[in-house]
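Colleague: The structure under discussion is supplied below as structure tokens; questions concerning it will follow.
Where a number appears in this text, it was derived from the coordinates with a stated rule and is not lab data. All figures in this text were calculated on a predicted structure; none of them were measured in a lab. Neighbour counts run over all protein chains shown; Cβ positions are idealised from the backbone, glycine included.
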Amino acid sequence: MHKESSSPNKRRDKRVRFFWPVWVGHEREVNDVMYRGKAVDLTKQVVAITVPGTTPVCVGEALLTRFSFPKGDTNMFDMGDYKGWSEVVRVESDLHGNKRVALKLKSPIKEEYYCQPA
């Protein structure tokens, strides 16, 4: 379920790949509409998610973002939570009609999160 990314990157924080639900929403929504996606990649400051292609997200938007992430190295059920704002920094379409969205978290994750050794 979890695996550390082996792709080269310029991030200094450890990076973990995981596939768990994430919810995002716009501050302009009157009825607290949240869109469901899937988190796929996480650092302390950025989370990459996939959402259906019809989800209304654009670069530069602020989104209310909520997701859980695995903490620690021993207890896979020890979870941390992120609830806060993020900024859409990248939106790409994939071959399956979904969008891959990179979100820069307004408040970086301060907790340690799970990462398998290489």
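Colleague: Take residue 32 and residue 77, extend 7 Å from each Cα along the Cα→Cβ direction, and tell me the distance between the two endpoints in nm.
Modeller: Once both label points are built, they end up 2.8 nm from each other.
Colleague: Could you give the nm distance between label points at residue 104 and residue 20, where each point is 7 Å from its Cα heading toward the beta carbon?
Modeller: Taking the simple label geometry, residue 104 and residue 20 are separated by 2.5 nm.
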